[in-house]
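First comes the structure, then the notes that go with it.
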Amino acid sequence: MKRSLLDEFIAFYESFDAKRISELGALYAQDVIFIDPIHRVDGIAALQGYFNHLCAGEGESRFRITDVIRAAESQDGADSSAFLRWQMTYSHPKLAGNKTLTLVGGSMVRYSDVIHHQEDFYDLGQMIYQHLPVLGWAVKKVKSHLAGSGANPAQPEVPASQQGQASAQSSVDNSHREHSGGKRSAL
């Protein structure tokens with residue numbers, strides 16, 4: 001039985017590494033538009049270049065797709081769409097002492113036989129800024145102020161199936177928060 005494009009997409013990202021960048025053309029259109037909180041990339045060659053740049057860094061990352069919401073299939077031949085919620089675990093020598101960190105985000109994809117458009121949503125502050133020495137302290141202070149007194153800064157919801165895996169990470173994150181004040185990354 002042939003897997004659907006979304007199944008291929010999930011399998012690709014859950015086993016992603018630099019050696020697989022050449023396979024992007026099987027998933028994405030030549031004129032793909034890829035948008036994330038950092039920038040916009042137009043075309044498969046630019047997307048491959050972006051991923052090569054990310055994989056050239058010192059960091060490591062792994063993705064796990066936790067939820068998929070598919071829009072109703074179009075009857076008129078128009079593109080389909082889906083939203084995929086993901087969890088990325090990552091580390092980088094310049095962030096939080098190279099500790100393993102977790103980021104929850106999502107990807108909105110529009111596709112027919114290949115993906116034409118992908119927009120990723122995630123908190124860049126949570127991913128990078130709050131783990132940098134001086135800037136991290138300031139970001140956490142602003143979040144705490146916006147949350148109000150007595151409130152804890154928002155933490156991403158970890159699916160029940162991953163609660164055991166995340167408990168050790170939560171204690172690391174909480175310890176870091178109290179003491180400080182992959183997607184791979186090319187920081």
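Numbers for the structure displayed
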read-out: Scope region 104-125; condition more than 16 Å from the chain's Cα centre (by Cα) and β-branched (Val, Ile, Thr); matching residues; value: Val114, Ile115
read-out: Residues being modelled with pLDDT of 95 or more and surrounded by 15 or more Cβ atoms within 10 Å (Cβ to Cβ) - total across region 26-45; value: 10
read-out: Close pairs (6 angstrom Cβ cut-off, 6 or more residues apart or separate chains): aromatic (Phe, Trp, Tyr) in region 76-99, assigned to a strand (DSSP E or B) anywhere; value: Phe83/Ile69; Phe83/Gly106; Phe83/Met108; Trp86/Phe63; Trp86/Ile65; Trp86/Gly105; Tyr90/Ser61; Tyr90/Leu101
read-out: Count of region 79-107 residues which are acidic (Asp, Glu) and either assigned to a strand (DSSP E or B) or crowded, with 20+ Cβ neighbours inside 10 Å (or both); value: 0
read-out: Region 11-31 residues that are under 19 Å from Cys55 (Cα atoms), paired with ones that are acidic (Asp, Glu) (beta carbon under 9 Å, 6 or more apart); value: Phe12/Glu23; Leu27/Glu8
read-out: Counted residues, region 46-55 - those being modelled with pLDDT of 80 or more and aliphatic (A, V, I, L, M); value: 2
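The values are calculated or read from the model by the stated rules, or taken from the named source; none is laboratory data. Everything quoted here is computed from the prediction, not taken from an experiment. Virtual Cβ from ideal backbone geometry, glycine too; neighbours counted across all protein chains shown.
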